[in-house]
Structure formats: structure tokens, C-alpha cells
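Engineer: Quick one: the structure is below, questions incoming.
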């Protein structure tokens, strides 16, 4: 089969040379007999030019014959490649041979599926493709920070059991992906709560790799600041869905108010107003003060 391919190529090239010789006006002054003298050496003229746009590397002579095999592309090109200008290229993506050999995309354009289109302002991440000037992963948009485009879908290589550490590396049954490595699962003690999941023996929120900061809760794999209902008042602030006073972790006890993040007396005794001269505030209660102040140590009222 190889012999016939090369023979076909040779015949095409010789035919082109013969046509050029005829066009140069060579005549037979001796009448054209077998014994005629053709005279001096026949000059076929300058190099044969088959015209603009003609690329022998893309001329299909049938049965897979590619003139590029004998004219600069060595043993031939791959299944998705063509021989253009003596080198193998993919005309679906090559910006100097986009769609057809010699079609060069303009500055700021990229070759997509054999057509010159607007290029993306910044190079797309591995696995993503530039579509209409926008990087996309499969049918969706570009992957977010910390994710990679694997088989047309975004994945976190640090935790994905289908793409652990690198795209296409899946964990075995019963294993989990921790920090990009497949390993046996580690049980968290105590068990994780509040939307957190156990990863490598630690309770974390989604792909954050850690628990949420104070005042936030894990919702749908993300740390969010919950709102308080009803709204906090009296100097209290909303933290983790609760109204608290500063760093106390809760509201102020009865008889105190929150001021500047600290609980201070509200001027009453446990919410009550003691009778002047006759009572004293003792440990949050009004204790008799006449004829003798019964409050012990300012905190204990015996009655």
C-alpha cells in the first residue's frame, strides 16, 4: 500500500512539471519524428507555483494519501492534525492556521473550533477553555479560587474523592481525600455539629479547612454571620445568632445593663428599688438596714 501511495504522489508532481513545460512554449522544430533532434536542453521555466492558498499538505488524493508526508511533515501527522507549511498543526486551535492553512487570527483573537474569536483577557486555568472571551469549565463558568477544572466540572483537589490531589485520581472505596491524599477516614471525637464535617480528625466547614470564627456558623459549607431575631438592644450585639454583651458570651444578669461591652449595675437592686435608709442592696436583694444592717459582707442577707 505504501508503494502505491508514493507512486501516486510522484505522478502528481511529474504531471505538474509537464504542464509547466508545455506552457513555456517548447516546440519540436524537426517535425516531431522519433529521430528528431530537440535541440539544446529543455528548460521548464521557474519553480511551479500552483497558485495562492493551495496547500499540498491538505490535498487528499484518496485512500489517505497526504502530500505533506513527502513535503515537510515527515511520516505524516496525527488524526486531528494537518500538514501546513511543512509542520503538523491542529487547525481547530492553531492561530496561524485557523480552520484552513495560512488563515492567521488577528491580534487579540484565539482559534476556537477552526474559527477566529475574541480571546480571553487572561489565560484560562488548566482544563478550562476560552469561549467568546470568557473562561469556562465545561458548560459552566470559570472555577473559583481553590478549585480545578476536571473533566468539565470544578473540583476541590484537596477534598474531592474523585479528583484527589490531581484530576482523575480517585480514592478507593472506604477512603476519603484529605489534603489531596487518599487515606482511611479518621473519626472526630466528639462528633462534629453545627454544619461542620469531619476531615482528617478535625471538624471543618466545607473547603475552608477549619472551623468557623467566633460569631459565625457553618451553613452549606460556608461560614456565615447569622442574624438575631428580634434585633439586639440595650448595648448587646449579635454574635452567632445570640444577643451578648461584649466577650461575656451572653446577656447581662438581672439588675445590670451592658455598657461598652461590659455588664454594670443598672442602679437598682436586682431590678428592685430599695427603701432609702431602711434597706440596703445585699447580693441583689433589698435587705433590712435598721435598726441594724443585716447584710453580711455586702452579699448575704440572712432574711
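The values are calculated or read from the model by the stated rules, or taken from the named source; none is laboratory data. A quick note: this is a predicted structure, and the numbers were derived from the prediction, not measured. For neighbour counting, all protein chains shown are included, and Cβ atoms are generated from backbone atoms with ideal geometry for every residue, glycine included.
Engineer: Just give me the residues in the stretch 137-157 being in contact with a strand residue (DSSP E or B) (Cβ under 7 Å, 6 or more places away or on another chain), closer than 23 Å to residue 183 by Cβ and part of a loop (DSSP other than H, G, I, E, B), in sequence order.
Structural biologist: 147, 157
Engineer: Could I ask something else about it? What number goes with the only condition from (1) in contact with a helix residue (DSSP H, G or I) (Cβ under 8 Å, 6 or more places away or on another chain); (2) part of a loop (DSSP other than H, G, I, E, B) that residue 97 does not pass?
Structural biologist: Status for residue 97: all satisfied but (1).
For every residue, the table says whether it meets (1) without any contact (Cβ under 8 Å) to a residue 40 or more places away in the chain; (2) within 30 Å of residue 219 (Cβ to Cβ); (3) surrounded by 16 or more Cβ atoms within 10 Å (Cβ to Cβ); (4) under 25 Å from the mean Cα position of the chain (by Cα).
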{"site": "87", "(1), (2), (3), (4)": "yes, no, yes, no"}
{"site": "105", "(1), (2), (3), (4)": "yes, no, yes, no"}
{"site": "132", "(1), (2), (3), (4)": "yes, no, no, yes"}
{"site": "145", "(1), (2), (3), (4)": "yes, yes, no, yes"}
{"site": "155", "(1), (2), (3), (4)": "yes, yes, yes, yes"}
{"site": "180", "(1), (2), (3), (4)": "yes, yes, no, yes"}
{"site": "193", "(1), (2), (3), (4)": "yes, yes, no, no"}
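Engineer: Continuing with this model, one more query. Take the stretch 254-272 and flag every residue that is in a loop (DSSP other than H, G, I, E, B) and in contact (Cβ under 8 Å) with a residue 12 or more places away in the chain.
Structural biologist: 254, 255, 260, 261, 268, 270, 271
Engineer: Okay, next question. Kindly indicate which of 198, 218, 177, 228 is part of a strand (DSSP E or B) and under 30 Å from residue 251 (Cα atoms).
Structural biologist: Exactly one of 198, 218, 177, 228 is part of a strand (DSSP E or B) and under 30 Å from residue 251 (Cα atoms), namely 218.
Engineer: At negative phi and assigned by TED's automatic domain parsing to the domain that holds residue 78, is that true of residue 129?
Structural biologist: Here the answer is no, as residue 129 does not meet what is asked.
Engineer: Which numbered condition trips up residue 223, out of (1) out of contact with any helix residue (DSSP H, G or I) (no Cβ under 8 Å at 6 or more places or on another chain); (2) at pLDDT 85 or above?
Structural biologist: Evaluating residue 223 over (1) out of contact with any helix residue (DSSP H, G or I) (no Cβ under 8 Å at 6 or more places or on another chain); (2) at pLDDT 85 or above leaves (1) as the failure.
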